[in-house]
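Here, each number is a calculation from the coordinates, and none is a lab measurement. Just so we're clear, the structure is a prediction, and the values are computed from it rather than from any experiment. No Cβ is skipped: glycine too gets one built from the backbone with ideal geometry, and neighbour counts run over all protein chains shown.
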């Protein structure tokens, strides 16, 4: 499978088969993939906390906010909740924070999970003080992103953006629709001769 095909399949999944256990070894393996991401100044300040215990997962779930565009949806039902979490943290003892590092590592984990038939949702909306308290995170570690991980059960469809509408939505069958800008819209061209700027 090509990297493009994996990227096309690696959506933000928000409903999972909660009965499907995600082994800690699998999460360790996908974090190992993220170790090879480029890092600003090569500081490698991102660290990870793996959560697979059911009671701990329930506690983490209680700190999260799900799908801001779906106003009437409070998040997955108990049998649809993630079976595991990877909490990404910045270790201030290792240097200044760089947001680009977080994105690079998170997407590599997302792609690696998809390659293994799993999926995730990257969640940046969470109760940071509460998550820090329940996870026993040291003072030098700041939670940046929570990756909700599991075996996806929902269908996600990528479709062309219409009328500039960026909000994802669900239809009557609960299929999740994600609008994407076209390639022509995101590649800039020289207005003088319609040649892509990168080729000038």
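The Cα atoms of the chain cover 59, 48, 33 Å along the three principal axes, with the biggest extent listed first. Where is the GNM fluctuation largest for the chain (alpha-carbon springs, 10 angstrom cutoff): 85, 13, 168? Evaluated over the chain, the most mobile residue of the options is 168. Cα convex hull, the stretch 1-81: 161 Å³ per residue, rounded to a whole number. The mean sequence separation of alpha-carbon pairs under 8 Å and at least six residues apart, normalised by the residue count of the stretch 1-157, gives a relative contact order of 39 percent. Judged by the mean number of other Cβ atoms found within 10 Å, the most tightly packed of the peptides 47-55, 147-155 leads the ranking 147-155, 47-55.
Exposure proxy check: 105, 120 ranked by fewest other beta carbons within 10 Å? With the sparsest Cβ surroundings first, the list reads 105, 120.
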